[in-house]
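One structure is given here, and the rest of the page talks about it.
Just so it is clear, none of the values below were taken in a lab; they were calculated from the coordinates. Predicted model, so just to flag it, every value in this text is computed and none were measured. When we count neighbours, we look across all protein chains shown, and the Cβ atoms used for this are built from the backbone with ideal geometry, even at glycine.
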Amino acid sequence: MKLRFFLLALSLFLFSANLAGAVRVIRINQLGYLPQSVKVAVFLSDEEVSAQGFSLHNAVTDEVVFEGSTKIKNAVRWGMKTAFRMNFSGFQQEGGYYLKVGDTRSPNFRINADVFEGTADFILNYIRQQRCGYNPFLKDSCHLHDGIIVEHPTRSGEFIDVAGGWHDATDYLQYSTTSVNTIFQMMFAYQKYPETFGDHFDANGEHGANGIPDILDEIKWGLQWMLKMNPAPGEMYNQIADDRDHVGFRLPVNDPADYGLGKYRPVYFVTGKPQGLAKYKNNTTGVSSTAGKFASAFALGADVFKNSDPEMAELMEQKAVDAWQFALSDTGFTQTACNVSPYFYEESNFADDLELAATQLYKLTGNQHYLGEAEYWGKQEPVSPWIKNDTAGHYESYPFINLGHYFMMENRKEDFADFYKTGLQLLFERGKEDPFFNGLPFLWCSNNLVAAAITQALLYRDQTGNDAFVELEAALRDWLFGCNPWGTAMICGLPGAADSPVLPHSSYTVLLGDITPGGLVDGPIDANRNKNQIGMVLQNPDEYADFNKGIAVYHDDIGDYSTNEPTLDGTASLSFYLASLENDGKKMAKQTAIVKDLQGAIVRINPDEKNIYLAFTADSRFEGGKHILQVLEKHNIKGSFFFTGNFLRMPEFNGIISTVVDGGHYVGAHSDGHLLYCDWETRDSLLVSFDEFESDLRSNFAELEKYGVKPGDATYFMPPYEWYNRQIVDWCRNLGLDVVNFTPGTGTNADYTTPSMKSYKSSVKIYRDLLQYEQTHSAGLNGAVLLIHPGTAPERKDKFYRILEDVIRHFSSRGYQFKSLKQ
């Protein structure tokens, strides 16, 4: 989506009650909360505020549904005078809500089993955007001439084909360190939750299903690149390009960066010795960290693809064994190489890489030797150094989570579970007085640490059943989705998040006006570190200035590369945790399968069952209502009716509206004034503000309540004109409503057209098209929503509702049942 849409959304949703200059805000998880989960919001103020309690309200009726007490925390840490946590975990009723403390109100949010639906797939958008070689986002290719070998004892200057993989971040360097971890994280997520990931893109990353989950397409793209970066035993490459890449914002196609190699980029051989082609060099001591990562990913890849691509799996198994032997040939760590500056990824540990590699080789081969190796190396580093030391250099302790411990917990549960527990206890103690329960060090890429911590907490809880850290985990989870001092989600363009990064440090933003959808940005950095960042100049006024007075700062600004740049590995590190949240939601959900359109509206319900849902909307006309009700009653069918406030206020329809309600049909909202929400041509351009939308919807429900229809009875909403965008859907979700619309292609919605319109369709044509649709589409009308207008313009003489009975009889004979949304 375009940048302007998100800027508009941002301006609509920034909640900070600024009373006489005072800052008073309630921070929430903007995506919402699973019903059976820890739910905590945070209040902040730069004034002394005394509050004994808080209240939770229905977002449509304002009714108080829950009350709780506040828990005071350390406000000074964030430059405030008052801070407290508000725990409403005991409330589990699905719907849309907001919190209040005195006169301070939170944004609306949702409690529902589907709040994290689609998030694991959404972050893959960024990973696809980072592809090198063919880039589906740009629909063009880049860096096809990679590259020329450097730092090799005998082959420097030779060409090697290493095209492919992904760019590391906004720069176009490529590192084995981060890319291989990216691949492993995605494979780990897929193996744990394969059913979570959808198929909407092909192997090249283009729109269109190919029968393979999209995450597997990305994994295979990465593994094929890894094979190029490790072409033979003992021959491994750690990096493509170097910091000469940093020549300003530009697209990767026709990259102008000059390495003195013509059209080629340098490819750094893994030497096990300090590297750097100019003044500055890194501090490499060995090959184990890089080779261990290769061994881990190849071994897991062999397992993942053993059935779908056995030939590739066999190759990767041998590659895993070779990489393991290479890793032990020169124990130590390999760092990335610099050239024109002293900055590089400072990875200074490797025991975790060897442990993980050995666990995967044991899992793959069953050889007990590998299990012994895993135990040995795992005990060399019980707690991740960044947790143990509460600090680290840039990527000094990497990967940020030791997944080897998790695999060892299955075999040496007591020892390795305690390793995880020790680390989590340290984070718990450091964060327990923080209002956001965040005691993590605010290093560069602090969001990567958050992702690591919540993953460790979940894996510990899953393996031991111990929920001692469940609130810590929930707090750090919510941190990423807006429950933080700045009130912003940290994933670019995240659907459902009212405030997420719209000005990421990215060439795509600067040159194309696009965000980096799905990208996890670096996150807040220690305030003192921020002051010392070289070349960091904000391009816009700091919208979060009121909240950048504490221990860490964050800017949604193109100029801030230290807090607002999305990263490949950081994004991939969320794939497992987001998939787990979706899986938890499915367990809590009522067993109703749904299909949604690109805007997020429901367009099919239980598509494996032969049910048809008849929907009827009304604003100013209803001349066919009596006939429709007679037909439905005759066939013992319940329909779904959506009425505007305009319609509900018309006295002449009072009787028939009561008949619809009393007849047990579903009755829902259709807006109060039948507003057009977004532009017909440019769908992402809103024509209403949130306040206008909410006020209109509240008025609609007020009219429905006069007929005994309460908001809790009418959670499906059909927008006026059946026209909306993602923002409208998100607004509805946070009010506790699901947007539903007719199934695209069924065509009955054209029954409003008149002969003077170019789009006119006769009722006979509509009926024939519907019959053809059912015959030619694989799903037929399973779960389809058919929209019929009970009232149309007088100029239309052939009313489609007159042949409703023919529709019912025909499709009933074909085995379909007709249901309402109540059913």
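For segment 119-584, build the convex hull from the C-alpha positions and give me its volume per residue in Å³. Walk me through the numbers before you get to the answer.
Working: hull volume 61.3 nm³, N = 466.
Spelled out: Cα convex hull of segment 119-584, divided by residues, is 132 Å³.
With +1 on each Lys and Arg Cβ and -1 on each Asp and Glu Cβ, and nothing else charged, work out how big the dipole of segment 119-584 is about its Cα centre, in Debye to the nearest 20. Intermediate values should be presented prior to the final figure.
Values: 30 positive and 64 negative charges, 176 e Å.
Dipole of segment 119-584, to the nearest 20 debye: 840 debye.
Over what distance in Å are the Cα centres of segment 680-714 and segment 454-503 separated?
If you average the Cα positions of each part, the centres end up 30 Å apart.
Name the residue farthest towards the positive end of the dipole of the chain from the options GLN630, VAL180, GLY286, assuming +1 on Cβ of Lys and Arg, -1 on Cβ of Asp and Glu, about the Cα centre.
The one lying farthest along the dipole's positive direction is GLN630.
How are the Cα pair distances of segment 398-526 distributed, in percent, across 10 Å bins from 0?
The calculated distribution, bin by bin, is 13, 39, 30, 15, 4, 0.
Report D for segment 461-596 in µm² per second (integer): Stokes-Einstein, Kirkwood Rh on Cα pairs, 4 °C, 1.567 mPa s. Mind showing how you got there, number by number?
On the way: Rh = 16.6 Å.
Taking Rh from Cα pairs, D becomes 78 µm²/s.
Past the 20 Å Cα-Cα mark, which pairs from LYS39/LYS587; LYS765/LYS819; LYS228/LYS281; LYS71/LYS586?
Numbers: LYS39/LYS587 18 Å; LYS765/LYS819 25 Å; LYS228/LYS281 25 Å; LYS71/LYS586 32 Å.
Violating the 20 Å limit, Cα to Cα: LYS765/LYS819; LYS228/LYS281; LYS71/LYS586.
Using +1 on the beta carbon of Lys and Arg, -1 on that of Asp and Glu, and nothing else charged, what's the dipole of the chain about the Cα centre, debye to 20?
Values: 72 positive and 103 negative charges, 346 e Å.
It comes to approximately 1660 debye.
On the Cα set of the chain, report Rg and Dmax in Å, please.
When restricted to Cα atoms, the chain yields Rg and Dmax of 28.6, 92 Å.
Calculate the translational D of segment 556-653 in whole µm² s⁻¹ from Stokes-Einstein, where the hydrodynamic radius comes from the Kirkwood formula applied to all Cα pairs, the temperature is 25 °C and the viscosity 0.890 mPa s.
Approximately 130 µm²/s, per Stokes-Einstein.
In vacuo Debye scattering of segment 297-363, one point per C-alpha: log10 I(q)/I(0) at q = 0.18, 0.25, 0.29 Å⁻¹?
Per q value, in the given order, log10 I(q)/I(0) is -0.74, -1.01, -1.18.
Return a whole-number percent for the relative contact order of the chain, with Cα pairs under 8 Å and 6 or more residues apart as the contact set. Provide the component values of the computation, followed by the final result.
Numbers: 1805 pairs, mean separation 107.0, N = 823.
Here the relative contact order equals 13 percent.
Projecting each Cα onto the charge dipole of the chain (Lys/Arg +1, Asp/Glu -1 at the beta carbon, about the Cα centre), which of ALA189, ALA468, VAL739 comes out farthest on the positive side?
About the Cα centre, the residue reaching furthest to the positive side is VAL739.
What is the extension gain from ASN606 to ASN636, computed as 0.36 nm multiplied by their sequence separation minus the C-alpha to C-alpha distance, in nm to one decimal?
Details: separation 30, 0.36 × 30 = 10.80 nm, distance 2.09 nm.
Taking ASN606 through ASN636 to full extension adds about 8.7 nm, to one decimal.
Restricting to DSSP loop positions (anything but H, G, I, E, B) with no more than 13 other Cβ atoms inside 10 Å of their own Cβ, which chymotrypsin sites (Phe, Trp or Tyr not before Pro) remain in segment 129-199? Walk me through the intermediate numbers first.
Values: sites: TYR134, PHE137, PHE159, TRP166, TYR172, TYR175, PHE184, PHE188, TYR190, PHE197; in loops: PHE137, TYR172, PHE197.
Sites meeting the loop and neighbour criteria: none at all.
Between the alpha-carbon centers of segment 135-207 and segment 257-315, tell me the distance in whole angstrom.
Centre-to-centre distance over Cα atoms comes out at 11 Å.
Put +1 on the Cβ of each Lys and Arg and -1 on the Cβ of each Asp and Glu in segment 15-111; which of THR61, LEU99, LEU31 then has its Cα farthest toward the positive end of the dipole?
Farthest towards the positive pole: LEU31.
Share of Cα-Cα pairs in segment 15-111 beyond 23 Å, in percent? List each step's numbers first, then the result.
Values: 942 of 4656 pairs.
Within segment 15-111, distances greater than 23 Å cover 20 percent of Cα pairs.
Given R₀ = 60 Å, FRET efficiency for PHE159-LEU676 by Cβ-Cβ distance, to 0.05?
Values: r = 59 Å, r/R0 = 0.98.
Result of the calculation: an efficiency of 0.55.
When MET229, MET588, MET186 are ordered from fewest to most other Cβ atoms inside 10 Å of their Cβ, what list results?
Ordered from fewest to most neighbouring Cβ atoms within 10 Å, MET229, MET588, MET186 come out as MET588, MET229, MET186.
What is the extension gain from LYS626 to ASP462, computed as 0.36 nm multiplied by their sequence separation minus the C-alpha to C-alpha distance, in nm to one decimal?
Extra length from LYS626 to ASP462 when fully extended: 53.4 nm.
If you build the convex hull over the alpha carbons only and average its shadow over all orientations, what do you get for segment 647-768? Give it in nm² to one decimal.
9.1
What residues from segment 413-457 fall in the zone where the backbone N is under 14 Å from a label point 7 Å along the Cα-to-C-beta line of THR391?
441-444
How big is D for segment 320-442, in µm² s⁻¹ as a whole number, if Stokes-Einstein is applied with the Kirkwood radius of its Cα pairs at 4 °C and 1.567 mPa s?
Numbers: Rh = 15.7 Å.
D, rounded to a whole number, is 82 µm²/s.
When ranked by the protection proxy of mean other Cβ atoms within 10 Å per residue, highest first, what sequence do the peptides 533-542, 244-253 form?
Details: 533-542: 11.4, 244-253: 15.5.
Top to bottom by mean Cβ count within 10 Å: 244-253, 533-542.
Which value results when the Cα radius of gyration for segment 716-823 is divided by 2.2 N^0.38 Å? Write down the numbers at each step before the final one.
Numbers: Rg = 15.2 Å, N = 108, 2.2 N^0.38 = 13.0 Å.
Ratio of Rg to 2.2 N^0.38 Å for segment 716-823: 1.16.
Calculate the radius of gyration of the Cα atoms of segment 592-819 to one decimal place, then report Dmax, the largest Cα-Cα distance, as a whole number, both in Å.
16.8, 48
Can you give the Rg and Dmax of segment 627-675 based on its C-alpha atoms, in angstrom?
Cα-based Rg and Dmax for segment 627-675 come out at 11.4, 35 Å.
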